[in-house]
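Asks: One structure, as structure tokens, below. Some questions next.
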Amino acid sequence: MKILIIQLARLGDVFLTWPAIKAYKRNHPDAQIDLLTRPRFADGAVGLKEVTQVHCIPTKAILAPLVSDLVDVDLSRTLLRKFISVLKEEKYDLVVNMTFSPFSSYLTHALEQEGAK
């Protein structure tokens, strides 16, 4: 089983996610549990042995075309789709949204596999 935990909020929220991650590992000892967070919060997973891999969403790169002098919505959308496509290749059985923002909800929906729980 492969589980992705999404926590995009603040560094403290990453730490508050630790008990949930540990509980998922207790309930699914053979599962691969990955964390999706922002690059500046990735160190919040250091020392958390239950996490196999930390994925960082390249927020700055995705948003840069939207805040440049030549706004390029299509490029921003393309970068986001590419990032989602890479994560979809992981074929997660379960995606858990711990952030509950509109953006994390969008990511959760985009990453769910057909037939996944």
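The values are calculated or read from the model by the stated rules, or taken from the named source; none is laboratory data. Just so we're clear, the structure is a prediction, and the values are computed from it rather than from any experiment. Backbone-built Cβ (ideal geometry, glycine too); neighbour counts: all protein chains shown. Each accessible area value is taken on the protein alone, full model and side chains, heavy atoms only, with ligands, DNA and RNA left out. Shrake-Rupley method; radii C 1.70, N 1.55, O 1.52, S 1.80 Å.
Asks: Quick one: with all protein chains in place, what share of the accessible area of the chain is carbon or sulfur, to the nearest percent (1.4 Å probe)?
Replies: 57 percent
Asks: Per DSSP H run of at least 4 residues, take -39500 (n - 2.57); add these up for the chain, divide by its residues and hand me the 222 nm value, nearest 500 deg cm²/dmol.
Replies: Mean residue ellipticity, 222 nm, calculated: -14000 deg cm²/dmol.
Asks: Something else: To the nearest 20 debye, what charge dipole does the chain have about its Cα centre, counting +1 at the Cβ of each Lys and Arg and -1 at the Cβ of each Asp and Glu?
Replies: That gives the chain a dipole magnitude of about 260 debye.
Asks: Compute for the range 7-101: radius of gyration divided by Kirkwood radius, i.e. Rg/Rh, restricted to C-alpha atoms, rounded to two decimals.
Replies: Numbers: Rg = 15.0 Å, Rh = 14.6 Å.
Answer for the range 7-101: 1.03.
Asks: Separate question: Which FRET efficiency, nearest 0.05, do ALA42 and HIS109 yield, Cβ-Cβ r, R0 22 Å?
Replies: Once rounded, the FRET efficiency stands at 0.40.
Asks: May I ask you to give the solvent-accessible area per residue for the chain, in square angstrom, as obtained with a 1.4 angstrom probe?
Replies: For the chain, the per-residue accessible area is 60 Å².
Asks: Quote to one decimal, in nm, the extra length available between LYS22 and ASP72 on full extension: 0.36 nm per residue of separation minus the C-alpha distance between them.
Replies: Numbers: separation 50, 0.36 × 50 = 18.00 nm, distance 4.09 nm.
Length gained, LYS22 through ASP72: 13.9 nm.
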